[in-house]
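So the structure is just underneath, and the comments pick up after that.
Read-outs throughout are calculated quantities, based only on the coordinates presented, and are distinct from any laboratory measurement. Source: prediction; values computed, not measured. Note: ideal-geometry Cβ built from the backbone for every residue, glycine included; neighbour counts use all protein chains shown.
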Amino acid sequence: MKLKHKFLEQIRKSPELASKFSEEKGQGGKTMVRVWDRSISHFHQEGEEEAFRYLLNGLLEFRDTKEHRQRKELYYNKLKNYIKEYNSYGFKSLKIMSHLKIDIQHNNFITGEVFRIDKTPENGYAITLLNRTDEVWAHQLRFRLLQIHYSNLYKCPHDLIKVGIYNFEKEKHEYFSFDDEELREAWAEISGISSKINQFKL
């Protein structure tokens, strides 16, 4: 079963509902925030000028109302602030909006989208998810699993992998690296959850 990482906390509390969350589909349709998301991809792949060109052209497709003009200005400033804040880290962008697949045993997998993967100046890696709201995130199990997965994938020591978010509301990056004991506990927990999910499938 494929389990989207964004629903992992709900599955963690209620493994019997895992199949329900695995069937959740994303909402379609073009929105201003999706235009902003795509402009970020253009920034990392083609540079700052192309990012602003894509954003402004994309926002022109929305009606010229007072509310829309305010939102357009908001997203323009958010892109400007994102680029400035990102550049301050000295990261080298490796992947943007990439797909995840973590084998958690028992024929179950953690899947979903990863906002960004970067090489850090310390010769490690930063794994970043996008959070729309300002919330406490480090307690979530998925971040420990991301640290384990990318440590294994890139053959990089755990302490050189930092995981975290881009806080869309506060316009800042937030990172943390979990220690080996926390990572062992996280893997034991997800293995147990995966086993319980299979019991409910029977």
Taking R0 as 30 Å and r as the Cβ-Cβ distance between residue 41 and residue 159, the FRET efficiency 1/(1 + (r/R0)^6), rounded to the nearest 0.05, comes to 0.55
Candidate cut points under GluC sites (Glu not before Pro) in region 95-202, DSSP loop plus at most 13 other Cβ atoms within 10 Å of their own Cβ, are 122, 135, 169
Residues whose modelled amide H sits under 5 Å from the amide H of residue 161, counting only those 5 or more places away in sequence or on another chain, are 125
When 91, 176 are ranked with the fewest other C-beta atoms within 10 Å first, the list becomes 176, 91
quick note, the chain, DSSP beta bridge pairs, % antiparallel (nearest 5) is 65
Expected unfolding gain across residue 74-residue 92 under the 0.36 nm per residue rule, minus the alpha-carbon gap, is 3.8 nm
Going residue by residue through region 182-196, the Karplus relation 6.51 cos²θ - 1.76 cosθ + 1.60 with θ = phi - 60° gives ³J(HN,Hα) values, rounded to whole Hz and with x marking Gly or Pro, of 4, 6, 4, 5, 5, 5, 5, 5, 5, 5, x, 4, 4, 5, 5
Set 20/170; 80/170; 30/72; 4/92; 119/172, cut-off 23 Å on Cα-Cα distance; pairs above it are 20/170; 4/92
Calc'd 3J(HN,Hα), region 149-157, phi into Karplus 6.51 cos²θ - 1.76 cosθ + 1.60 (θ = phi - 60°), Hz, glycine/Pro = x, comes to 4, 6, 5, 5, 4, 9, 6, 10, x
Cα gyration tensor of region 32-87 diagonalised, 5x eigenvalues square-rooted, in angstrom largest first, produces semi-axes 20, 12, 8
Two pseudo-spin positions, 7 Å from Cα along C-beta at residue 180 and at residue 65, lie apart in nanometres by 5.8
Note: probe point = Cα of residue 101 + 7 Å toward Cβ; backbone nitrogen < 13 Å; residues of region 107-130 passing the test are 108-112
From DSSP H assignment alone, runs of 4+ in the chain each adding -39500 (n - 2.57), the sum over residues rounded to the nearest 500 puts [θ] at 222 nm at -15000 deg cm²/dmol
FRET efficiency for residue 200 and residue 9 from the Cβ-Cβ distance with R0 = 22 Å, rounded to 0.05, comes out at 0.80
So the angle from the long Cα axis of helix 66-87 to the longest Cα principal axis of the chain, reported in degrees to the nearest 10, equals 60
Calc'd 3J(HN,Hα), region 121-133, phi into Karplus 6.51 cos²θ - 1.76 cosθ + 1.60 (θ = phi - 60°), Hz, glycine/Pro = x, comes to x, 7, 6, x, 9, 10, 10, 10, 9, 9, 9, 6, 10
The helix 32-46 Cα axis meets the longest alpha-carbon principal axis of the chain at an angle in degrees, between 0 and 90 and rounded to 10, of 90
